[in-house]
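Enquirer: Pasting a structure here, questions to come.
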Amino acid sequence: MKYKTHIAFSTLAGVCVAKFLDIPFQTDYVMGVAVGSLLPDIDHPKSYIGKKLSKTSRVMSKTLGHRGLTHALPFWLCLFPLGFFMKENVFLGLWIGYLFHIVGDLLTVAGVPLFYPFSKARIKLPLAFKTGGPVEKGVFIACLLLIVVSMDANMFAELSSSLAIQLQALLKIASELINSLLVR
């Protein structure tokens with residue numbers, strides 16, 4: 001999948017999981033989902049996240065190859081201890097986004113080595129499609145529409161409220177920085 005589809009697919013899953021588990025649907029959770037949806041592709045230097053973290057991506061690509069360890073459920077499970085060092089809502093989003101990146105790649109013809117390093121066999125779902133093809137574009141559009149339809153009024157309110165709080169904090173920091181520069 002392309003990065004935009006990974007984000008949309010994982011965000012849709014994140015909306016559903018948040019509703020089911022009553023997870024606060026706030027910006028930190030949504031950002032965690034978005035970042036998690038991109039993280040498995042850090043092993044590919046030409047991926048969206050690979051370009052942003054090019055040195056790390058090149059090393060991982062040379063040592064692990066693309067769609068290897070980072071696309072396997074055992075590795076995803078090993079990320080769980082990170083939750084002890086992160087804000088809970090961010091971690092839950094990251095973990096959900098990461099998992100649904102893997103699920104999304106199960107829908108592509110290349111598949112994923114779901115149980116690597118125990119098995120290198122690539123698994124794909126029967127209705128797999130080509131990355132970047134017309135079916136993926138349809139999946140992307142469908143995910144966007146389903147995100148909007150799936151969110152209830154409380155989720156929209158919670159997200160907009162948390163975004164407003166974070167923007168106020170950012171404006172305060174920017175104001176303090178400008179004031180400190182002017183006082184000198």
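The values are calculated or read from the model by the stated rules, or taken from the named source; none is laboratory data. Only a predicted model underlies this, so the values are computations on that prediction, with no experimental measurement involved. Quick reminder, even Gly has a Cβ in these numbers, built from the backbone with ideal geometry, and neighbours come from all protein chains shown. What goes into the accessible areas is simple: the full protein's heavy atoms, side chains included, and nothing from ligands, DNA or RNA. Shrake-Rupley method; radii C 1.70, N 1.55, O 1.52, S 1.80 Å.
Enquirer: Cβ-Cβ distance below 7 Å, separation of 6 or more or different chains: which pairs start in the range 53-76 with a residue that is outside any loop (DSSP other than H, G, I, E, B) and end on one that is at pLDDT below 90?
Expert: Sorted first by the residue in the range 53-76, then by its partner, the pairs are THR70/LEU64.
Enquirer: Determine which member of the set LYS55, LYS46 is under 20 Å from THR108 (Cα atoms) and open to solvent by 80 Å² or more (accessible area, probe 1.4 Å).
Expert: After ruling out the rest, the residue left standing is LYS46.
Enquirer: Still on this model: Of the residues in the range 76-99, how many are over 18 Å from PHE25 (Cα atoms), aromatic (Phe, Trp, Tyr) and open to solvent by less than 50 Å² (accessible area, probe 1.4 Å)?
Expert: 1
Enquirer: Return yes or no: is VAL15 under 24 Å from TYR116 (Cβ atoms), of a type in the set (A, V, I, L, M, F, W, C) and open to solvent by less than 10 Å² (accessible area, probe 1.4 Å)?
Expert: no
Enquirer: Hey, another quick one. Provide a single number: the residues in the range 7-33 that are among the aliphatic types (A, V, I, L, M) and closer than 13 Å to PHE100 by Cα.
Expert: 7
Enquirer: Same structure again: Which residue is surrounded by the fewest Cβ atoms within 10 Å (Cβ to Cβ), if the candidates are limited to the range 140-160 and must be more than 20 Å from LYS4 (Cα to Cα) and not aromatic (Phe, Trp, Tyr)?
Expert: Checking each candidate, the answer is ALA153.
Enquirer: Name, by its number, the condition in (1) within 24 Å of LEU125 (Cβ to Cβ); (2) surrounded by fewer than 20 Cβ atoms within 10 Å (Cβ to Cβ) that does not hold for LEU38.
Expert: Against the list (1) within 24 Å of LEU125 (Cβ to Cβ); (2) surrounded by fewer than 20 Cβ atoms within 10 Å (Cβ to Cβ), LEU38 comes up short only on (2).
Enquirer: Here's another thing I want to ask about it. Find the residue count for the range 113-139, including only residues that are touching a Lys or Arg at 6+ places or on another chain (Cβ under 6 Å) and open to solvent by 60 Å² or more (accessible area, probe 1.4 Å).
Expert: Qualifying residue count for the region: 0.
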